[in-house]
Amino acid sequence: MSQMVRKQIYIQKNQEERLKKVAESRGVSEAEIIRRALDNELKRAGYRLAYDDEAMQRLYQAMLDMDKKPPVPPSKRDWSREDLYEERMKRYDRNSS
């Protein structure tokens, strides 16, 4: 986890009530909701995060899911290099053999 810096902020009473409800419904801390909101605002302002923990977690999970799958069996290719070259030459309206 990255180093945290303590900040003290003032919010309106109705914001506090909504913040508590959102944090409880998502199962995270109020501070996490505030950090996410700050990240979103900084992204909109053009400030790109160097490290996105959520994206990294999704990537890691995708890699774990792929690792559970069996390997792709090798298959014989049904094309030749010459066939591809001939097709390319026809596409560009050049003489082919």
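Just checking, how many residues over segment 1-29 are among the β-branched types (V, I, T), under 27 Å from Q57 (Cα atoms) and assigned to a loop (DSSP other than H, G, I, E, B)?
2
Determine which member of the set E32, E54 is among the acidic types (D, E) and either modelled with pLDDT of 85 or more or not in a helix (DSSP H, G or I) (or both).
Unique residue meeting the criteria: E32.
May I ask you to verify whether A37 is modelled with pLDDT under 90, on the phi < 0 side of the Ramachandran plot and not in a loop (DSSP other than H, G, I, E, B)?
Taking the combined requirement at face value, the residue does not satisfy it.
Which condition from (1) surrounded by fewer than 10 Cβ atoms within 10 Å (Cβ to Cβ); (2) under 29 Å from Q3 (Cβ atoms) is the one that Q15 breaks?
Unmet condition: (1).
The values are calculated or read from the model by the stated rules, or taken from the named source; none is laboratory data. No experiment lies behind these values; they were computed from the predicted model shown. Reconstructed Cβ throughout: ideal geometry from the backbone, glycine too, with neighbour counts over all protein chains shown.
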